[in-house]
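Here, each number is a calculation from the coordinates, and none is a lab measurement. The shown structure was predicted, so the numbers you read here are calculated from the model rather than taken from an experiment. Every residue, glycine as well, gets a Cβ built from its backbone with ideal geometry; the counts of neighbours run over all protein chains shown.
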């Protein structure tokens, strides 16, 4: 397997773990470092990009207000009424759109939809896609315009 494919798969696995870790944090309120240590111990040999896991896990956890503010204008309901898994995926996707510019916006959207299909409610992926699409149009406009021309 080439390095690029390994890197992509490692990040994909990291995103799955981030969703689980953020959900655990949301439900339990456990300490971030304790959750990180638990996930590192369990997934040390799973070909997970653990650096990316930490970057995103701590990035999302430490910046909830900014992330929520970025996607809240595109919600059709109060943030408190969003399914916790979909809220977690919205935060993850918004973080990636804002802070991981090396990852193309289409990849961020595709990965978020896949995560929502895997972990979310039946049609949750449509909601996640719609909201993150609007966030992308706002924060990645230059990238989107470049793809269209």
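Some points to look at:
- Of all residues in region 21-33 being without any contact (Cβ under 8 Å) to a residue 60 or more places away in the chain and under 23 Å from residue 82 (Cβ atoms), the one that is surrounded by the most Cβ atoms within 10 Å (Cβ to Cβ): 21
- Selection count where residues are in a helix (DSSP H, G or I), within 15 Å of residue 70 (Cα to Cα) and touching a helix residue (DSSP H, G or I) at 6+ places or on another chain (Cβ under 7 Å), scope region 121-142: 10
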